[in-house]
Structure formats: structure tokens, C-alpha cells
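Novice: Mind having a look at this structure? Questions to follow.
What follows draws every value from the coordinates through simple rules; no lab data is involved. Source: prediction; values computed, not measured. For neighbour counting, all protein chains shown are included, and Cβ atoms are generated from backbone atoms with ideal geometry for every residue, glycine included.
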Amino acid sequence: SDYDLVIRGGTVVTAADTVRADVGIRAGKIVAVADKIEGGAKVIDASGLLVMPGGIDSHVHLAQPAFGGPKMADGFETGTRSAIAGGNTTVLPFALQPRGASLRASVTDYHREADGQSYCDYGFHLIISDPSPSVLGQELPALVGDGYTSFKVFMTYDDLVLNDRQLLEVFDCARGCGALVMVHCEGYDSIKFMTERLEAAGKTAPYYHAVSRPQVVEREATHRAISHGELIDVPIMIVHVSGREPMEQIRWAQQKGLKVYGETCTQYISLTADDLKGLNMDETGGKYVCSPPPRDHASWEAIWEGIRGGVFQTFSSDHCPFFYEGSEGKLNPKARTSFKWVPNGIPGVEVRLPILWSKGVGEGRITPNEFVALTSTNHAKIYGLYPEKGSIGVGFDADIVLWDPNRKETIRQELMHHGSDYTPFEGIAVTGWPVMTILRGAVVAEEGRILGTKADGKFLKRGLSPYAVPTGRTYL
Ligand code: DUC
Ligand code: ZN
Ligand code: ZN
Ligand code: ZN
């Protein structure tokens, strides 16, 4: 046969179009999209289903040493298993440079965690915690050339925070080598001040994590990052935006013509700070501790305003899983003494698509095409994976999710494939669910069953981001 696989009878949805079409696949690539495709060594009947590009989650943390100490609940094996069960075919986790360590050695170590352990394709962002002259002068430019074309910097956390001078030096380096910078915007000193005052007043329950870093703290850091980016003339991506205050800073910058991009995440349209109160201001609130913290219902609406208005290009999970129970869990003995020790992060790679679909497309806020852009196409374009990944068309990798827009499910831990012993999205009812995930032409997940193996995923050496090209409006 001409085709290894034909997906017949479905409706193909891309960021641009919705068309009734069959999809022909050969050697892992899409080789035909047409009204009727005959033949096929294997045929999948997709009638009644949507045929969409597999999810690309450009913000996940797997096997990462950081964020408060305890071991993460997911390495590549369980994290990517969860990813494919949720309709994703590519993830971009972070290779973290500990202070004092060589960046190259950190990347080599991280490959040991990932290679041969991934159910889906993967690339690495870098996390720069120690921008020494050798890192900025040699290691980072060399790694960008090797396909690690984006990196994240932090404006908070003792082990990761960069001061303003360091941010400027890193931004200048990124400009020079064409890397895309992602910025975690929360102000270190403000959080530290608030935390000490809260602790002194005996306010140590998990809920006070949210009180210690209100939106003004995120807004101030967002503005500072934007200003530093403007001074250097380097494009930046503001990640995990939680509400109106930081969203409006990004919109303001975009309206000035600055290349500032925005990412938001599942928790900012589905969880609130009240969830951190737990059952009765108790430690069960720790299940929802992440940074920035989820806000309130008005913030959900502000995030939708940013999504609909084009302020946000990507919708990610910020999957950063910890256990709830046990000595490594959210409730570990030290974490019970103060919110400050509760590890920051929640699992969510598996529910990103259903929650965005249900609240977005299902409730009439976005179109199916916008859903595809927010969950796949824009991630590929922004992070240098396009046109290999991110759409359905001749020449793209055959990374596909078959989607049932009418399937009703209630998110519960027993459905999940992640390593965590809980999901913070427990009990959320959704309409719309992935029924099959296809990675480069092979069915890797079907109806919650994992059919692929951890040898399936391949490392993606990424190209430079076209979004990282400076504006040319320079101050120097
Ligand atoms: N930042 C992230 O990006 N993820 C989890 C925690 C954090 O602070
Ligand atoms: Zn550089
Ligand atoms: Zn972050
Ligand atoms: Zn993150």
C-alpha cells in the first residue's frame, strides 16, 4: 500500500482550518490530506471525531531537582506516559543548571534522565541559575547552536533568582545568539518580606503561600522584565501568567510594539487561591500550592480576555508534580511548619487539553482552531519546531490526537497516568476528551491505555525561534 496508516472519516482541525478530510501517513510523516484516501496498510475510523495536531506542552518539569527540595513525582517515564494519555506528542521540560555547575554538564546529566525513558518526543529548555562569564561567553551560545534554543530565568527562589544586572547580562547574551528567553516573573524581595511578616503573625498554613505572593508582586516583576527586555532589545516570553495585573502589563508592552509574548496555564482558568485553604485552613491546601498561585474567578475572566485578545500565544500545563502523602510529599514534616517549605508545583500535563477544550470551546469562548493554536501550533512556531511539528499537513510529523468533542468525563486521580498520588483537578467535569494519540504514525495511547513504549520518544534538536528576532529598536 501507499500508506502505512490512513485516518479516515474524521474532521481535520488545524490552527487555520476545519475540513472533512482523510489523512495518509507514510514513514511517520503526513503525506496526504484529501477528501478521500484509498488504501492504507492500517486504517483508523475517525468518523465523529476531530483530527488535531498532537498537543505540544512547552512548559513541563520532569526529574528536576528544585522547587523546594522533595523529589518530583515524575521522571520522564511517568511524566511522558501521562502526557500521551492526555493527547500530547511533544513536551519541552527544563534542564536545570545548579549554581556553580557547568551548563553543558547539566544538559548531559539531563539527557541521562530522558533518553530512552520518554513515551513522546521531547526537547530541552535550559534554566540558567549561574550566568558566569564562561556560561554566557561559551557554554550558552554553543548549546543554542546544538538545538537548546530557549531558556528560562527566575526573578525569585533562593537557588535560582537572578538580580537585575544578571538579567540584563543574560538578555544581552540571548540577543546575541538568537535564543528565546522565558521569564518567571515574581519579585524575590517582596515575597521574602511578605513571608517573614506572615510567619511572624503565625500565618503558616498553605493558604498563606497565595497571600505571600499577590498579583502586585507578579505585576511588578513582569514590568521589570519587560523593561529590561526593552533596554536590551530582546524578545521575551512571560510564562505562567496568573491574572489581570500581569496580563495588562504584557498587553501594554505588545501595544507599544515590543516583542513580549505570554503564556498562561490550566490552573489559572480552573483553580483559585481559596483551594489553598484546604478543608479548613489545613494542610490539604498544600495540594494546590504552585507559583504563581491560582487567583480568583475575576482572574479567570481576565485570562480569557488575554486569550481571546491575543495577549497569550501559548497555553501550557506547568506540570511540576509532587506527591501529597509521604516523607517526600507536600505534607512532609518540614512543610507542615510553614507554607514556605511546601514544594511549589502541581501535576497537570494530562488534563490541559480537556480543561481548555471544555471551558474554552465547549463554553463558546474560543474556536477549535484557536484551541489548536494555543495547545500545539504556537508552541511549535515559538520554540523552533515548525514546520516539523504543530499542524496537520503534508510534510509534518504524523503527531495526531483523535478528539471526541462530546465525551463527558470527570477528572479523577484513578484516570491519571502521572506519578503523583493526587490530582489538584479532582472532580472537574469536562466535555471533550482524547480518544487516541498517534506519535509519528504509531498509536501510542488509546482510551487511557498506553500502547507505546518509553523507547518511542526522540530528542528534538530545535531551530532558532523566529519569535526571538530583535525589533531593531535599540538603546545602545
Ligand atoms: N515555576 C514554574 O515554572 N513551575 C513550578 C514552580 C515555579 O515556580
Ligand atoms: Zn548568547
Ligand atoms: Zn516558573
Ligand atoms: Zn514551570
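Novice: About the Cα centre, and with charges only on the beta carbon of Lys, Arg (+1) and Asp, Glu (-1), how big is the dipole of the range 63-162? Nearest 20 debye, please.
Specialist: With only Lys, Arg, Asp and Glu charged at Cβ, the dipole is about 80 debye.
Novice: Report the gain in length on full extension from S132 to K192: 0.36 nm times residue separation, minus Cα-Cα distance, nm rounded to one decimal.
Specialist: 19.1 nm
Novice: Taking amide hydrogens as modeled 1.01 Å from N in the peptide plane, which residues meet the under 5 Å criterion relative to L5, leaving out close sequence neighbours?
Specialist: I25, A41, K42
Novice: Within the P(r) computed for the range 329-436, what percentage of the Cα pairs occupies the region above 15 Å?
Specialist: 71
Novice: Under 37 °C and 0.692 mPa s, how fast does the range 1-56 diffuse according to Stokes-Einstein, given a Kirkwood radius computed over C-alpha pairs? Answer in µm²/s, whole number.
Specialist: Rounded, D is 292 µm²/s.
Novice: With a 10 Å Cβ neighbour count serving as the proxy for reagent exposure, in which order, fewest first, do F151, F315, F193 appear?
Specialist: F193, F151, F315
Novice: Work out the charge dipole of the chain with +1 on the Cβ of Lys and Arg and -1 on the Cβ of Asp and Glu about the Cα centre, then indicate which of N369, L415, W357 is farthest towards its positive end.
Specialist: Of the options given, the answer is N369.
Novice: Same structure again: Select from the range 376-430 those GluC sites (Glu not before Pro) which occupy a DSSP coil region and have at most 15 other Cβ atoms within 10 Å, ordered by residue number.
Specialist: When the GluC sites (Glu not before Pro) of the range 376-430 are filtered for loop state and at most 15 Cβ neighbours within 10 Å, E426 remain.
Novice: Can you give the Kirkwood hydrodynamic radius for the chain, in Å, rounded to one decimal and based on Cα pairs?
Specialist: 22.3
Novice: Percent of alpha carbon pairs in the range 123-185 separated by more than 15 Å?
Specialist: Considering the range 123-185, 42 percent of its Cα-Cα pairs are separated by more than 15 Å.
Novice: Now for a separate question. Mind putting a number on the dipole of the range 1-152 about its Cα centre? Charges go on the C-beta only, +1 for Lys and Arg and -1 for Asp and Glu, and I need it in Debye to the nearest 20.
Specialist: Here the size comes out at about 160 debye.
Novice: Which whole-number percent gives the relative contact order of the chain, counting Cα pairs below 8 Å spaced six or more residues apart? Write down the numbers at each step before the final one.
Specialist: Working: 1212 pairs, mean separation 107.8, N = 476.
Once normalised by length, the contact order is 23 percent.
Novice: Then there is this: If amide hydrogens are placed 1.01 Å from N in the peptide plane, which non-local residues have theirs closer than 5 Å to the one on E186?
Specialist: Those qualifying (amide H under 5 Å, at least 5 residues apart or on another chain) are M155, T156.
Novice: 222 nm [θ] for the chain, helices only, -39500 (n - 2.57) per DSSP H run of 4+, per residue, to 500?
Specialist: Per the formula, -7000 deg cm²/dmol.
Novice: Arrange the following residues from fewest to most other Cβ atoms within 10 Å of their Cβ: W304, W252.
Specialist: Lowest count first: W252, W304.
Novice: Using +1 on the beta carbon of Lys and Arg, -1 on that of Asp and Glu, and nothing else charged, what's the dipole of the chain about the Cα centre, debye to 20?
Specialist: The dipole magnitude comes to about 420 debye.
Novice: Return S465, S58 ranked ascending by Cβ neighbour count within 10 Å, so the fewest neighbours appear first.
Specialist: Starting with the residue having the fewest Cβ neighbours, the order is S465, S58.
Novice: Let me ask something additional. With an 8 Å cut-off on Cα pairs and a minimum separation of 6 or more residues, tell me the relative contact order of the range 286-348 in percent.
Specialist: Across the range 286-348, relative contact order equals 45 percent.
Novice: Can you give the three extents of the C-alpha atoms in the range 180-226 along their principal axes, from longest to shortest, in whole Å?
Specialist: 41, 16, 13
Novice: Next question, about the same structure. Say a paramagnetic label sat at a point 7 Å from the Cα of A41, along Cα to Cβ; which residues of the range 1-21 have their backbone N under 14 Å from it?
Specialist: 1-6
Novice: Could you tell me which of P321, Y386, N344 has its Cα farthest along the dipole of the chain towards the positive end, charges placed at Cβ (Lys, Arg +1; Asp, Glu -1), taken about the Cα centre?
Specialist: Y386
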